[in-house]
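The values are calculated or read from the model by the stated rules, or taken from the named source; none is laboratory data. Remember, predicted model here, so these are calculated numbers, not experimental data. Cβ placement follows ideal geometry from the backbone for every residue including glycine, while neighbour counts extend to all protein chains displayed.
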Amino acid sequence: MAGKPINPMVKTALELGPIVLFFIGYLRLRDQSFDIGGTSYDGFILVTAAFIPLIALSTFVLWRLTGHISRMQIATLVLVTLFGGLSVWFNDDRFFKMKPTMIYLLFGGALGLGLLRGQSYLKYVMEEMLPLKDEGWMLLTKRLTAFFLGLAVLNEIIWRTQTTDTWVYFKTFGLSAAVFVFFMTQAGVFSRYALDSDSSDS
């Protein structure tokens, strides 16, 4: 179901705003610690605690403006709340660092399950944005499944072997850039399997 039209700049601000604010907050507080209720929390944990209601608010505003929230956005919000909440509750940043792994495993696993059933679940999510032939959807779904699983593995390697600073930069810029580059490199699929206007209207 398509949502109501919304200014692309507003949509981008709502989707990327919480991530940018998380990054800025981390840079400002990363070297500080705060004593709250007798427990010492570092800046990363406090920024994580602020990020949860922030992304919930942005998702709610997006829903109010468009009347629609995708399953991917809902899954992301749930996982941010779950793993961010665990990090704050246990005062352990590892839970939040695992969150991208879980998101990409969920997306990759869901797409892979559809492939095993001979279906492209990606088509159900993006069909209105990308009118493709069934062969194109299956090919794109196979590639995106492998891509998501690859990102899950990469996130595990980064957060387990690198500093928190490196992981934050990777999460903020690296993952977004990787998704952008992936879709840019699929231009051949989009052109080769594009539906013509007659096919899409029928």
Would you tally the residues in segment 53-69 being under 14 Å from the mean Cα position of the chain (by Cα), crowded, with 17+ Cβ neighbours inside 10 Å and of a type in the set (A, V, I, L, M, F, W, C)?
1
How many residues, within segment 70-122, are in contact with a Ser or Thr (Cβ under 7 Å, 6 or more places away or on another chain), part of a loop (DSSP other than H, G, I, E, B) and surrounded by 16 or more Cβ atoms within 10 Å (Cβ to Cβ)?
2
From PRO53, PRO18, grab the single residue that is closer than 25 Å to THR166 by Cα, free of Cβ contacts under 8 Å to residues at least 24 places away in the same chain and part of a helix (DSSP H, G or I).
PRO53
Please pick out the residue among ASP31, ASP42 that is loosely packed, with under 13 Cβ neighbours inside 10 Å, farther than 21 Å from ASN155 by Cα and either in contact (Cβ under 8 Å) with a residue 12 or more places away in the chain or not hydrophobic (A, V, I, L, M, F, W, C) (or both).
ASP31
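Conditions tested, residue by residue: (1) in the same structural domain as LEU16 (by TED's automatic domain parsing); (2) of a type in the set (Val, Ile, Thr); (3) touching a helix residue (DSSP H, G or I) at 6+ places or on another chain (Cβ under 6 Å); (4) assigned to a helix (DSSP H, G or I).
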| site | (1), (2), (3), (4) |
| --- | --- |
| LEU130 | no, no, no, no |
| MET138 | no, no, no, yes |
| GLY150 | no, no, no, yes |
| ALA177 | no, no, no, yes |
| VAL189 | no, yes, yes, yes |
SER33 is checked against (1) among the small types (Gly, Ala, Ser); (2) in contact with an Asp or Glu (Cβ under 6 Å, 6 or more places away or on another chain); (3) under 17 Å from THR172 (Cβ atoms) and fails just one. What number does that condition carry?
(3)
Could we say that VAL168 is modelled with pLDDT of 90 or more and either assigned to a helix (DSSP H, G or I) or not assigned by TED's automatic domain parsing to the domain that holds ARG71 (or both) here?
yes
For a quick check of your reading of the model, give me the residue pairs whose first member lies in segment 68-89 and is over 16 Å from THR101 (Cα atoms), whose second is basic (Lys, Arg) and buried (at least 16 other Cβ atoms within 10 Å of the Cβ), with beta-carbon atoms closer than 6 Å and at least 6 apart or on different chains.
none
Residues of segment 159-185 that turn out to be over 19 Å from LEU29 (Cβ atoms), among the polar types (S, T, N, Q) and surrounded by 12 or more Cβ atoms within 10 Å (Cβ to Cβ), as a count:
2
